[in-house]
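The values are calculated or read from the model by the stated rules, or taken from the named source; none is laboratory data. A quick note: this is a predicted structure, and the numbers were derived from the prediction, not measured. Backbone-built Cβ (ideal geometry, glycine too); neighbour counts: all protein chains shown. For the accessible areas, the whole protein counts, side chains as well, though only heavy atoms, and no ligand, DNA or RNA atoms are used. Shrake-Rupley method; radii C 1.70, N 1.55, O 1.52, S 1.80 Å.
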Amino acid sequence: MPAIITDQIRVLNASNFVSGISTTDSSYYVFIGLPNATDVEADWNTNTPAPIDNFDDHDDIYDTLISAKKIAAADTLRVIRKISWITGTIYEMYRHDYDINNPSPQTNSSSLYQTNYHVMNSDFRVYECISNGADPSNSGKGIASLEEPTHTDLQPRLESDGYVWKYLYTIKPGDIVKFDSVEYIPVPSNWSSNTDVSDVRDAAVEGKIETVVIKDTTNASYQFSGTKNSVPIRGDGQDGEASVTFVNGKPTAVQVTNGGTGYTFATLDLDSVVTGSNAVFDVIIPPPGGHGANIYRELGASKVLIYSRIENSDTTNPDFPTGNQFARIGVIKNPEVHGTTNLLTAASASGVYGIRLAGAATSTMSVAVDGEITQTIGIGSTAIGKIISYDPVTKFLRYWQDRDLATKSATGQIPTYGYRLNKFTSTPGTGGSVNIVVTTTTGTETVGIETTFTGVSTSVNSKTYYFGQSITDGLASPEIKKYSGDIIYVDNRPEVTRASNQREDIKIVLEF
C-alpha cells in the first residue's frame, strides 16, 4: 500500500524537540569524548571514520566520554537552509503545488522546502519570494532578481525588477552569533507568542490570494485589449479579484487587487467577464493561516541547531579538562546521576574517574597525557587506566578506562593485565597496594592514593581549588552514570586539543 511520511511530521518533531528542552521532565547534554582517537585509527585526523550506530559502539561512546554540558532552552533554535540574496539569481517562488509530477522549474524539486524560495539579505532580514515573474515567456522559470529586498512592509512588495517579496523576520544579533552557520540560518523561537514578530504574525490572513500565474496562452484568444479589472477569483473563499492585461488578445499580466479570504483552492474566472477562451492560470494558495502565520510550517523548519560553548571560566566546577584532545561530540537525552536513578540536571558533569595523589613526586612529575596508570589491587589483579589530565597543584589526576585495555588486539595480542577491567580502589585486597604507577614523559613514577581525603576542593597557599568532582577516600567517580539515557547524536571529527586559554563553540544540527 503506497504511503509517505510527510514533511509536516518532520517539522512537528523539530518543534517537539525544542519544546522538550525547556521542560523539567527531560534533560539534554552536549558531550565531548574520545581522548585517544589516533590510537583507535592512526589516520583519524586525515580520514575520520563515520560513527557506527549499534549497541557495541553505544557502550564505547560512554566509556570514552569526557564531560558534558547541559543544553538550555536558549541554546536551541529551529533553522532553515541559508540562501543568501545574490543579484542576477533566479529564485523560485512560493507555490503550494510542487510535487513529483509538478517539480519546481529551477531546481527540479518535488517539495517546496527543497526549492530556493526564501532568502536572507545583507542586513540579516529574511524574505519569501511570492512572485518571481514566471510566465509563458520564460517557460515559467521566472526572471533574474536584480533588486535586493530591504523593506519591512507587512504586505508583500513589488520591486522594480518584477519580484514580489514577503518580509518575514530579522535575525537578532545574538542569534547571529550563536546560530548562524555556513549552511543554515535561525528561525525565531516561539513564533506564535513572540512579540518581536507579532506584526508579521498578526498581518497573516487565512486563505488570502497574493499571486496568480499565467501558465499557458498558446491557444488563447480573447476579444479584449488593455486591462480588465474586477476579474473574479472563484473557489471556496470569497472576495478575491484580479486585473488582467491583454495584448493582441492574449493575457500578458495578472495583478491581484483583492486577495480575499478563506481560499484552499481557486480559479481565475476570466471567461465570465471577457469573451474568448483557452488561457490557463494557476492561482497560488497560501499556507494554512496565511503567509507569516506559522513560520515553521511555511519555511519547513525541520532542523534544530544546538549551540554549546565550552570554556574554562567556571573554576568552581571545572568539568572540561585541558591539555588533552577530544575527537567526538554528541547529544545525550536523560542521562542519570552516577550511582542513582535520578535524572542528571547539573549545568555540567564529568564522565571520567579521578584520583587525589599523594607523595613527593606529585608536584614535580611530568605526567604523560594518554599515558597509563596502574595499581596492584590484589594478588594477580591489576587496575589500569589512561590519563586524561593532571593538575600538580591540586594533585588531582583524571583518567578513563578503555575497553581495549582488557580485550585482545586485532593482531591477537593478549591484554597485559588480563581480560578483566579492574577498578582502582583505596582499599586493596591481600597482596595489593594503594601505590599508583604513573606514566611520565621520562618514564614512570610511583605515587600513592591520598586515602584520607574526602571533599570537592582543596586549599593551597590560601587559595581554594575545586576538583569538579566529589572525592571520597582519594577517589572520584564519574558524575554521569555510564550507559544511562539515550545517545541521539554522534559526530566524529579530527582531534581538538583543549588549552586553558581557549574555548570551543559547538554547533550541532539535528535533522528530523
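When T374 is tested against (1) closer than 22 Å to V496 by Cβ; (2) open to solvent by 20 Å² or more (accessible area, probe 1.4 Å); (3) part of a strand (DSSP E or B), exactly one condition is not met: (1).
With respect to the conditions (1) closer than 29 Å to R81 by Cβ; (2) open to solvent by less than 70 Å² (accessible area, probe 1.4 Å); (3) not polar (S, T, N, Q), I52 lacks only one, and its number is (2).
Can you tell me which residue in the range 396-413 is surrounded by the fewest Cβ atoms within 10 Å (Cβ to Cβ), limited to those that are outside any loop (DSSP other than H, G, I, E, B) and aliphatic (A, V, I, L, M)? Once the filter is applied, the top-ranked residue is A406. Taking the criterion of being within 18 Å of G485 (Cα to Cα) and part of a helix (DSSP H, G or I), the residues of the range 43-84 that qualify are F55, D56, D57, H58, D59, D60, I61, Y62, D63. Inspection of the range 243-258 finds no residue satisfying the criterion of being touching a residue at least 12 places away in the same chain (Cβ under 8 Å), within 47 Å of the chain's Cα centre (by Cα), crowded, with 16+ Cβ neighbours inside 10 Å and in a loop (DSSP other than H, G, I, E, B). Look at P2 and say whether it is open to solvent by 40 Å² or more (accessible area, probe 1.4 Å) and touching a Gly at 6+ places or on another chain (Cβ under 9 Å). No. T362 meets each of the listed conditions (1) open to solvent by less than 10 Å² (accessible area, probe 1.4 Å); (2) in a strand (DSSP E or B) apart from (2). For the range 414-456, the set of residues classified as open to solvent by less than 50 Å² (accessible area, probe 1.4 Å), small (G, A, S) and touching a residue at least 40 places away in the same chain (Cβ under 8 Å) consists of S426, G429, G432, S433, G448, listed by residue number. If the condition is being open to solvent by 30 Å² or more (accessible area, probe 1.4 Å), hydrophobic (A, V, I, L, M, F, W, C) and not in a loop (DSSP other than H, G, I, E, B), then the range 261-309 contributes V280, F281.
Restricting to the range 206-227, name every residue that is under 30 Å from E298 (Cα atoms) and not in a strand (DSSP E or B). Once the filter is applied, which keeps residues that are under 30 Å from E298 (Cα atoms) and not in a strand (DSSP E or B), the range 206-227 yields E206, G207, K208, I209, E210. Residues that are farther than 25 Å from S189 by Cα, surrounded by 13 or more Cβ atoms within 10 Å (Cβ to Cβ) and of a type in the set (S, T, Y) within the range 55-108 comprise Y62, T64, S67, T89, Y91, Y98, S104, T107, listed in sequence order.
Identify all residues within the range 109-131 that are under 21 Å from S181 (Cβ atoms), open to solvent by less than 50 Å² (accessible area, probe 1.4 Å) and hydrophobic (A, V, I, L, M, F, W, C); write none if there are none. Residues satisfying the conditions are V119, M120, V126.
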